[in-house]
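Engineer: A single structure is presented below for examination.
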Amino acid sequence: MALPTRTLFFFFVALAVASHLPSAFSLTTRQAETNSLDASASASDVTAAATTDSQRGGSPSATYVQVCAQIKASMSSASAVYYPGDPVFKWLSSHWAATSTQTSACVVEPRSAVDVGKILQLVGRYRTPFAVEGGGHATNPGFSSTPGVHISLNSFKSITYNAASQTVEFGAGLSWNEVYTALEPHGVSVVGGRALGPGVAGFTLGGGYSFKTNQYGLTVDSVVKFELVKPNGQVVGVTQNSDSGLFFALKGAGNNFGIVTKFTLKTVPQGPIWGGIVTYMDPTSLAAINLATSKFSTQSTDPKAAMLSTTAYYQGMPLTSVQLFYDGPNPPAGIFDDFLSTPSVQSDVGTRSYLSFYKQSPSNDTYGMRNYFHTVPIAKYTPKIMRLISNLTVAYGNELASKSLVFMTLVAEPFLPTILTHSTSPSAYPFTRAKAYTPFQIFLSWSDPAQDAVFESALKRISDAMYAGLVSEGQADSLLAPMYGNYAWGGTSVARIYGTNLVPLKVVKLRVDPTDVMGLAGGFKV
Ligand SMILES: Cc1cc2nc3c(=O)[nH]c(=O)nc-3n(C[C@H](O)[C@H](O)[C@H](O)COP(=O)(O)OP(=O)(O)OC[C@H]3O[C@@H](n4cnc5c(N)ncnc54)[C@H](O)[C@@H]3O)c2cc1C
Ligand SMILES: *[C@@H]1O[C@H](CO)[C@@H](O)[C@H](O)[C@H]1NC(C)=O
Ligand SMILES: *[C@@H]1O[C@H](CO)[C@@H](O)[C@H](O)[C@H]1NC(C)=O
């Protein structure tokens with residue numbers, strides 16, 4: 001068969017989209033009722049309006065719009081505020097997933113960290129719900145969306161490579177694509193994303209699993225400095241030496257401590273790599289690939305080798321694609337032989353630039369759909385766990401097919417047991433480094449909002465079935481292991497994500513954000 005990988009792999013996505021018009025695309029654009037309000041309205045005017053509104057049972061959005069006007073008046077002229085109806089409003093508040101898209105009262109686009117501080121002071125003063133959006137790839141409702149003030153970091157796009165210190169400082173509004181592209185001519189890269197799209201900000205603040213994690217650890221392990229706008233509006237550089245508690249907290253605990261405007265990461269050498277995507281369809285090949293993935297998970301020792309095994313539901317069958325990666329022009333014999341010798345329907349592995357490999361990874365085919373992730377921490381993908389993954393793909397795919405399922409994948413993400421040894425200071429995620437767990441990923445994509453509860457329940461039942469399988473394989477410790485917050489479904493308890501770090505994180509929180517300004521934004525709250 002000579003189908004292009006993406007066409008084959010995502011064939012049924014197109015079918016599903018054609019048959020269920022995604023309601024996500026018909027979001028109504030609400031007009032700003034009061035965007036002609038005097039931008040110089042005083043604080044007491046806004047407070048008075050808030051009181052009157054709630055007494056009248058009026059729409060809170062009118063109050064939020066007044067806060068928007070206050071923000072506009074307080075910021076420098078370079079920064080901007082947009083209202084519904086403006087194409088820029090729509091663009092700056094858009095998300096990868098419909099589940100995390102909401103219409104806010106306004107979009108604020110600050111162009112300096114000082115202006116971000118002014119915004120935080122005002123939303124804190126008026127207790128206005130707000131959102132912070134970096135790359136907009138959160139899927140959980142409310143994590144980077146709000147009915148209140150939507151803060152877009154779109155303008156934070158600077159990138160400065162420092163060859164002498166082997167570091168790069170970059171703005172929180174970038175995606176990994178832009179960072180990799182800027183670094184490529186210098187022969188360096190960073191421990192960043194594996195797929196086109198996700199922003200540097202949410203990704204890094206949650207932990208960060210990269211194709212280079214086996215060599216250098218998580219993205220948080222590469223961070224040397226954050227530029228942070230604290231909830232009180234103050235702009236600070238946070239390093240291990242300047243504030244070890246806050247540095248620890250920012251390395252994995254998301255948006256609990258303020259808004260990060262810049263990251264400084266260590267760079268790592270980057271030459272040509274070897275890799276690509278191979279897709280398997282027939283049952284004998286799938287059985288062989290499950291075994292090969294299991295073998296890679298339990299026996300690989302070369303930190304330059306990495307892979308992902310994605311099992312998708314395809315017309316009543318499982319279909320597996322592996323992404324193979326070697327951080328050098330040619331992998332040593334042995335590592336990927338089983339993947340290469342098993343009959344596939346499509347393969348495009350070869351020597352190429354890191355950037356071209358990265359750009360080829362499929363990521364955007366469910367753009368605008370209702371998308372949820374969930375995760376189960378897994379230390380080892382045994383053959384039985386891999387068979388369970390295939391079984392669950394078919395069982396749940398069949399069950400959800402009539403419920404507007406667009407796409408379902410279960411992703412085995414094997415990493416070396418040594419990935420947590422690369423850090424030089426403690427981090428919020430993961431809460432223990434005594435043993436490494438990989439972030440097995442459950443991904444469900446559907447089109448009908450009326451089915452949200454069905455898909456939530458399926459996520460939970462798939463993860464329960466995975467835990468049952470792990471327990472029967474002697475891996476009951478997965479039940480208490482750190483869950484990866486960047487994949488965890490929004491209803492997950494924060495204790496499963498931050499565990500024994502929850503108390504130290506609360507201590508930092510009370511110091512940095514005593515009035516819980518960041519609690520006005522969604523996300524996992526410590
Ligand atoms: C297609 C795809 C591929 C992915 N691949 C990987 C992968 O390879 N490895 C991996 O580890 N994860 C991966 N993820 C998960 C990814 O790490 C998360 O979705 C991450 O939260 C995305 O960050 P963002 O900035 O795009 O999202 P956003 O939705 O903008 O933000 C996510 C969260 O971070 C907060 N936030 C954003 N910017 C800031 C800021 N500047 N200051 C404070 N808080 C902020 C938001 O308020 C929100 O709570 C992937 C996700 C998708 C959809
Ligand atoms: C994903 O698709 C949307 C809609 O077509 C597009 O606006 C966006 O730029 C795409 N993102 C990537 C990373 O290709
Ligand atoms: C997978 O399903 C097959 C067929 O129903 C069954 O025989 C097998 O035990 C299942 N394996 C696992 C690990 O669930």
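The values are calculated or read from the model by the stated rules, or taken from the named source; none is laboratory data. It should be emphasised that the depicted structure is a prediction, and the values quoted were computed from it without experimental measurement. FYI the Cβ positions are ideal-geometry reconstructions off the backbone, even for glycines, and counts take in every protein chain you see. Side chains are part of the model used for accessible areas, which takes the heavy atoms of the whole protein and leaves out ligands, DNA and RNA. Shrake-Rupley method; radii C 1.70, N 1.55, O 1.52, S 1.80 Å.
Engineer: Calculate, in whole percent, how much of the Cα-Cα pair population of the chain lies beyond 29 Å.
Structural biologist: It works out to 52 percent of all Cα pairs.
Engineer: Now for a separate question. With a bin width of 5 angstrom, please list the P(r) values of region 380-526 as percents of all Cα-Cα pairs, from the 0 bin to the one holding the largest distance.
Structural biologist: Spelled out bin by bin, region 380-526 gives 2, 8, 15, 18, 18, 14, 12, 8, 4, 1, 0 percent.
Engineer: For the pairs 380/506; 262/509; 403/525, note any where the Cα-Cα span goes beyond 26 Å.
Structural biologist: 380/506; 403/525, as the Cα separations exceed 26 Å there.
Engineer: On the Cα set of region 395-436, report Rg and Dmax in Å, please.
Structural biologist: In Å, with Rg to one decimal and Dmax whole: 17.8, 50.
Engineer: On full extension of the chain, what length is gained from residue 359 through residue 418, given 0.36 nm per residue of separation minus the C-alpha to C-alpha distance?
Structural biologist: Stretched out fully, the residue 359 to residue 418 stretch lengthens by 18.5 nm.
Engineer: For region 69-217, which whole-number percentage of the solvent-accessible area (1.4 Å probe, protein heavy atoms only) is attributable to carbon and sulfur atoms?
Structural biologist: 56
Engineer: Probe radius 1.4 Å, ligands and nucleic acids ignored: give me the carbon and sulfur share of the accessible area of region 422-526 as a rounded percent.
Structural biologist: Whole-percent figure for carbon plus sulfur exposure: 63.
Engineer: Based on C-alpha coordinates, I'd like the Rg and Dmax of region 78-125, in Å.
Structural biologist: In order Rg, Dmax, the Cα atoms of region 78-125 give 11.9, 32 Å.
Engineer: With no solvent and one equal point scatterer per Cα, compute the Debye intensity ratio I(q)/I(0) for region 454-526 at 0.17, 0.18, 0.21, 0.26 Å⁻¹ and report its log10, rounded to two decimals.
Structural biologist: Each listed q corresponds, in turn, to -0.76, -0.82, -0.98, -1.24.
Engineer: Using helices alone, what [θ] at 222 nm do you get for the chain, with -39,500 (n - 2.57) per DSSP H run of 4 or more residues, divided over all residues and rounded to the nearest 500?
Structural biologist: -9500 deg cm²/dmol
Engineer: If you don't mind, there's one more thing I want to ask. Between residue 159 and residue 340, what FRET efficiency comes out of the Förster formula 1/(1 + (r/R0)^6) with R0 = 35 Å and r the beta carbon distance, rounded to 0.05?
Structural biologist: Result of the calculation: an efficiency of 0.45.
Engineer: At 20 °C and 1.002 mPa s, what whole-number value in µm²/s does Stokes-Einstein give for the translational diffusion of region 81-188, with Rh from the Kirkwood sum over Cα pairs?
Structural biologist: For the chosen part, D equals 143 µm²/s.
Engineer: Could you list the trypsin sites (Lys or Arg not before Pro) in region 482-526 that lie in coil according to DSSP, counting only those with at most 16 other Cβ atoms within 10 Å of their Cβ?
Structural biologist: Those satisfying the criteria are 525.
Engineer: Which FRET efficiency value, to the nearest 0.05, do you get for residue 480 and residue 301 by plugging their Cβ-Cβ distance into 1/(1 + (r/R0)^6) with R0 = 25 Å?
Structural biologist: The value I calculate is 0.40.
Engineer: Can you give the FRET efficiency for residue 73 and residue 435, using 1/(1 + (r/R0)^6), R0 = 45 Å, r = Cβ-Cβ distance, to the nearest 0.05?
Structural biologist: 0.30
Engineer: Further question: Which number comes out as Rg/Rh for region 182-298 once both Rg and the Kirkwood Rh are worked out on C-alpha atoms?
Structural biologist: With Rh from the inverse mean 1/r over Cα pairs, Rg/Rh is 1.10.
Engineer: Leaving out ligands and nucleic acids, and using a 1.4 Å probe, what accessible area per residue does the chain come to in Å²?
Structural biologist: Here the per-residue accessible area is 37 Å².
Engineer: With every protein chain kept in the model, how would you rank 81, 179 by accessible area, 1.4 Å probe, largest at the top?
Structural biologist: Sorted descending by solvent-accessible area, the residues read 81, 179.
Engineer: Which parts of region 118-144 would a label at residue 59 reach, counting a residue when its backbone N lies under 19 Å from a point 7 Å out along Cα-to-Cβ?
Structural biologist: 128-131
Engineer: Something else now. How large is Rg/Rh for region 241-398, to two decimals, with Cα atoms and a Kirkwood Rh?
Structural biologist: Ratio of gyration radius to Kirkwood radius: 1.02.
Engineer: Restricting attention to the alpha-carbon atoms of region 288-377, what are Rg (one decimal) and Dmax (integer), both in Å?
Structural biologist: For region 288-377, the Cα-based Rg and Dmax read 14.6, 42 Å.
Engineer: Could you give P(r) for region 159-228, binned at 10 Å from zero, as whole percent values over all Cα-Cα pairs?
Structural biologist: The percentages, shortest bin first, are 20, 60, 19.
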